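See below for the structure under consideration.
The values are calculated or read from the model by the stated rules, or taken from the named source; none is laboratory data. Because the structure is predicted, anything quoted here is derived from the model rather than measured. Note: ideal-geometry Cβ built from the backbone for every residue, glycine included; neighbour counts use all protein chains shown.
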Amino acid sequence: MQKLFGTDGVRGRAGEFLTAELALALGRGAVCASVAAEPRVLIVRDTRESGHMLEAALAAGVAAAGGHALLGGVLPTPGAPLLLRRYGFDLAIVISASHNPYADNGIKFFGPEGVKLSDAAEARVEAEVAAPSAPAEHPGRVRELHGAPGDYLRELELRFKDLDLGSLRILLDCANGATYSVAPEIFRRLGATVELVAVEPDGRNINEGCGSTHVEALAELVGPGGFDVGFAFDGDGDRVLAVDRSGEIVDGDELIALAAGHLKSAGRLPGGGVAVTVMTNYGFHTAMAELGIEVATTAVGDRHVLAELLERGWALGGEQSGHIIDTSFVPSGDGIASALLTLEALAGRDLADRDGMRKLPQRLVNVSVADRGSLEGAEAVWEAVSSEGHALEGRGRVLVRASGTEPLVRVMVEAPEREECDAVTNRLVAVVERELG
């Protein structure tokens, strides 16, 4: 049997790879692989039209194996681990393909600690799918969990109870996804004047020309509309990007830098460190060094960031893409909480006047190659990387890596000036094309 779990659960085209039959088997397998007797399993989803089908199938699989399924309806991904820990559920399942188009969907699992299943736990679920255990003697129940969005909102309101947004006019882009009702509500509860785009999900328009993967659309509205700030979430609500009043996009690196400085000054940065990925801008590292904040660097992926935070006992980390994790609230990226943390960090200042870090010019080029695996032995490429990296030492950096899924080599360069950044990038791309193209 092929491996089902990828880097973020089981994901694929709904109705083709991700069928109702597979969802039923995964629900049953998750219960059989659980150490809990008659586990209680929270199931939530985003707004994709296939979500209802997969929800029903998962719930049937959970009940068939003797577990009890609680259906929370549409809820941002971070709401699942938050409510799992609050109410002591044994598992949580989120039906979402995050920032992907509507035709895709996914199923990701959270264990009783509120974090995604380990590789070993995923392997046990896969084994149950391949060779299912005998049916349960007593099937479990399937019930609606009424009020899940309200529970999530109360947790947000409690965390940010001292945040007064009464002077702000804010534009939110909810990507026609899981944040479409709860995001506007919490900002209004905290006093903001809120206007909205992409809050009319029809099952097929999730992430379509909107949200954090198309933040340029929001940027075109914020400045001319006279808004103080804008925030764009992705389809499942675990990412956020911001736009300042001038229409400039503010990525995850800058948002994490703002939060880190704020939390350190408030004595709320456990361990005095943050975890980010290899894609994080060099300017972030410079800014953190000036603040005396330690930085740990991981491979790309919020899963790696979270693992680093848990291992070190730290709380704050994330990615340039807008996955921002504050484990003191929830051990998952939370776009809404991250947006509110940004405003808390600003403490009434304008986002356009932010001073968390100075971003270095960055350029990323994806180079098509015959075999991405051949990068490892490409001596000429690594000699060029070493030479260019040495020339930028202390001022910028070079990163060359193979894509994990496509026949591409990614070349990223950061330098103090745009001209130098482009020149270094062009030289490295030429070497990669010559050696591996």
**Q.** Tally of residues being touching a Phe, Trp or Tyr at 6+ places or on another chain (Cβ under 9 Å), over 18 Å from GLY322 (Cβ atoms) and crowded, with 18+ Cβ neighbours inside 10 Å across region 268-283
**A.** 2
Q.
Checking TRP314 against (1) under 25 Å from ASP244 (Cβ atoms); (2) surrounded by 15 or more Cβ atoms within 10 Å (Cβ to Cβ); (3) touching a Gly at 6+ places or on another chain (Cβ under 9 Å), only one condition comes out false. Which one?
A. (1)
Q | Test set (1) under 16 Å from MET357 (Cα atoms); (2) under 18 Å from the mean Cα position of the chain (by Cα); (3) charged (D, E, K, R) - GLU248 fails condition number | A | (2)
Q) In region 9-55, what residues are of a type in the set (Gly, Ala, Ser), under 17 Å from SER118 (Cα atoms) and without any contact (Cβ under 8 Å) to a residue 60 or more places away in the chain? A) SER34
**Q.** Index of the failed condition, VAL240 passing every other in (1) of a type outside the set (Ser, Thr, Tyr); (2) in contact with a helix residue (DSSP H, G or I) (Cβ under 9 Å, 6 or more places away or on another chain); (3) at positive phi
**A.** (3)
Q) Which residues, counting only those in region 131-166, are in the same structural domain as ASP46 (by TED's automatic domain parsing), loosely packed, with under 11 Cβ neighbours inside 10 Å and among the charged types (D, E, K, R)? A) GLU137
Q.
Condition first: touching a helix residue (DSSP H, G or I) at 6+ places or on another chain (Cβ under 6 Å), without any contact (Cβ under 8 Å) to a residue 60 or more places away in the chain and not aliphatic (A, V, I, L, M). Can you find one or more residues in region 275-290 that meet it?
A. yes
Q: Filter region 81-98 down to the residues that are part of a loop (DSSP other than H, G, I, E, B) and in contact with an Asp or Glu (Cβ under 7 Å, 6 or more places away or on another chain), then identify the one that is modelled with the highest pLDDT.
A: SER96
Q) Residues VAL62, VAL41: which one is in contact with a strand residue (DSSP E or B) (Cβ under 8 Å, 6 or more places away or on another chain), modelled with pLDDT of 95 or more and not in a helix (DSSP H, G or I)? A) VAL41
Q: Look at region 144-189 and say how many of its residues are aliphatic (A, V, I, L, M) and in a helix (DSSP H, G or I).
A: 7
Q. Quick check: is even one residue across region 284-298 small (Gly, Ala, Ser), at pLDDT below 95 and either more than 22 Å from LEU158 (Cβ to Cβ) or crowded, with 20+ Cβ neighbours inside 10 Å (or both)?
A. no
Q: Give the residues of region 171-226 that are more than 22 Å from VAL94 (Cβ to Cβ) and among the polar types (S, T, N, Q), sorted by residue number.
A: THR193
Q. Within region 283-322, which residues are assigned to a strand (DSSP E or B) and within 20 Å of ALA337 (Cα to Cα)?
A. LEU316, GLY317, GLY318
Q: Scan region 117-130 and give yes if some residue there is in the same structural domain as ARG45 (by TED's automatic domain parsing), under 19 Å from the mean Cα position of the chain (by Cα), surrounded by fewer than 23 Cβ atoms within 10 Å (Cβ to Cβ) and not in a loop (DSSP other than H, G, I, E, B), otherwise no.
A: yes
Q: Inspect region 413-423 for any residue being assigned to a helix (DSSP H, G or I), modelled with pLDDT of 95 or more, at negative phi and surrounded by fewer than 13 Cβ atoms within 10 Å (Cβ to Cβ) and give the result as yes or no.
A: yes
